[in-house]
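The values are calculated or read from the model by the stated rules, or taken from the named source; none is laboratory data. Keep in mind that what you see is a predicted model, and the values were worked out from it rather than measured. Please note: Cβ atoms are built from the backbone with ideal geometry, for glycine as well, and neighbour counts cover all protein chains shown. Calculation scope for accessible area: heavy atoms of the full protein, side chains included, ligands and nucleic acids excluded. Shrake-Rupley method; radii C 1.70, N 1.55, O 1.52, S 1.80 Å.
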Amino acid sequence: MVKRREPKARTLTAEQIEAFAAGAENGGQPETVKEPELNRNAKRDYKAIQVPFNQYEYEQLELGSQLSGRTKLNFIRYALLKFSEELQKEQG
């Protein structure tokens, strides 16, 4: 014999009902969530990339890192941040 499954009745709390009603009042658009402040000195485990260089680019990287007294990775990060800041100043 087939056992029929009946959906379980959901009981909603007052907060869930209010949240649903608030969503209906603003056209179904969720309330804007403030993005968290990013830490400039956070641990570097978010993303990693592998960048292939040609010989000229790699020699320029070595030269720049030696002249600045930085490691190659630190030199790349420093250049990325400085160039990004310059572009942001130009845009706005």
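The rows are residues; the columns are (1) hydrophobic (A, V, I, L, M, F, W, C); (2) in contact (Cβ under 8 Å) with a residue 12 or more places away in the chain; (3) part of a helix (DSSP H, G or I); (4) open to solvent by 100 Å² or more (accessible area, probe 1.4 Å).
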position	(1), (2), (3), (4)
Met1	yes, no, no, yes
Lys8	no, no, no, yes
Ile17	yes, no, yes, no
Arg40	no, no, no, yes
Tyr56	no, no, yes, yes
Glu59	no, no, yes, no
Leu80	yes, no, yes, yes
Glu85	no, no, yes, no
Glu90	no, no, yes, yes
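Looking at the range 19-36 only, could you name the residues that are assigned to a loop (DSSP other than H, G, I, E, B) and either modelled with pLDDT of 90 or more or touching a Pro at 6+ places or on another chain (Cβ under 8 Å) (or both)?
Within the range 19-36, none qualify.
Counting just the residues of the range 61-78 that are hydrophobic (A, V, I, L, M, F, W, C) and over 21 Å from Arg40 (Cβ atoms), which one comes out surrounded by the most Cβ atoms within 10 Å (Cβ to Cβ)?
Residue satisfying both the conditions and the ranking: Leu61.
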